[in-house]
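Shown next, in structure tokens, is the structure this report addresses.
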Amino acid sequence: MNTNCFSPAVHQYLYNYNCILDAMINKIDSAKQCESISYNFISRMLPHHEAAIKMCENVLKYTTDKTLICICKNIIAEQTKSIADMLKIQEECGNCKSPAKCLAEYECVLRKILDDMFCSMRTAEQTDCINCNFLREMIPHHEGAVYMSENLLKYEICSGLVPIAKSIIIDQKNGIKEMKKLSCTLKCK
């Protein structure tokens, strides 16, 4: 798509988004890993959540849409709490070692989830509407967190991580519904 006709604000928004996306991908791919599915999930979900917060902060610089502002404020609040909750238990969860076969299966599925999410976010349609751009970028980001959490819950994990993963699934599925509804209202493709 020819982005030359986009407004300066859209260019800046997209530049910021791509920087956030690149940083998230690099942090997820270089996250410290060990023999614990629980620890490995946390070490990747932390930069995932941090990116969601930064993506919301980015769009909040440009949007005046009250519904989108509310969605973003909810994402920031939910993911800030989730980060704090995961940091509290990360070391403890690192002691919850996983059988090698389970760890290999988990990592294989996770790699596919991550690759699909990165691709969807990188190739999200870009138009001169910042609000629609954000929705097309954040929906696959949220879907990725849901799939990551559902994959995690197939295995024996650190007990403190179970409610966090379940909360991620519930919160992000609700967020996806809200964003899809707003996408229809805004007539985003």
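Just one of the listed residues (M121, M117, M138) is in contact with a Leu (Cβ under 8 Å, 6 or more places away or on another chain) and aliphatic (A, V, I, L, M), and it is M121.
Of all the listed residues (A9, A31, A52), the sole one being part of a helix (DSSP H, G or I), out of contact with any Phe, Trp or Tyr (no Cβ under 9 Å at 6 or more places or on another chain) and either on the phi > 0 side of the Ramachandran plot or aliphatic (A, V, I, L, M) (or both) is A52. Scanning the stretch 123-145 for residues that are among the hydrophobic types (A, V, I, L, M, F, W, C) and either under 24 Å from L110 (Cα atoms) or assigned to a helix (DSSP H, G or I) (or both) yields A124, I130, C132, F134, L135, M138, I139, A145. Candidates in the stretch 77-92 are the residues that are in contact (Cβ under 8 Å) with a residue 24 or more places away in the chain and of a type outside the set (D, E, K, R); of these, the one that is nearest to K32 (Cα to Cα) is Q90. Whether a residue is touching a residue at least 12 places away in the same chain (Cβ under 8 Å), not in a helix (DSSP H, G or I) and not hydrophobic (A, V, I, L, M, F, W, C) was assessed, and K154 passes this test.
On inspection, A84 passes the criterion of being aliphatic (A, V, I, L, M) and part of a helix (DSSP H, G or I).
Which ones in the stretch 117-132 are in contact (Cβ under 8 Å) with a residue 40 or more places away in the chain and of a type outside the set (V, I, T)? Passing the criteria: F118, M121, R122, E125, Q126, D128, C129, N131, C132.
For the stretch 84-107, the candidate set comprises residues that are small (G, A, S) and crowded, with 16+ Cβ neighbours inside 10 Å; within that set, the residue that is nearest to I157 (Cα to Cα) is S98. Going residue by residue through the stretch 53-72, is there one that turns out to be within 18 Å of the chain's Cα centre (by Cα), surrounded by fewer than 18 Cβ atoms within 10 Å (Cβ to Cβ), over 21 Å from A9 (Cβ atoms) and β-branched (V, I, T)? Taking every residue of the stretch 53-72 in turn, none turns out to be within 18 Å of the chain's Cα centre (by Cα), surrounded by fewer than 18 Cβ atoms within 10 Å (Cβ to Cβ), over 21 Å from A9 (Cβ atoms) and β-branched (V, I, T).
For the stretch 165-187, the count of residues that are touching a Phe, Trp or Tyr at 6+ places or on another chain (Cβ under 9 Å), loosely packed, with under 15 Cβ neighbours inside 10 Å and more than 13 Å from D85 (Cβ to Cβ) is zero. Per the conditions (1) in contact with a Lys or Arg (Cβ under 9 Å, 6 or more places away or on another chain); (2) over 30 Å from Q126 (Cα atoms); (3) not polar (S, T, N, Q), the sole criterion not satisfied by K189 is (2).
Each reported figure results from applying straightforward, stated rules to the coordinates on display, with no laboratory input. Please read all numbers here as calculations on a predicted model, not as lab measurements. Quick reminder, even Gly has a Cβ in these numbers, built from the backbone with ideal geometry, and neighbours come from all protein chains shown.
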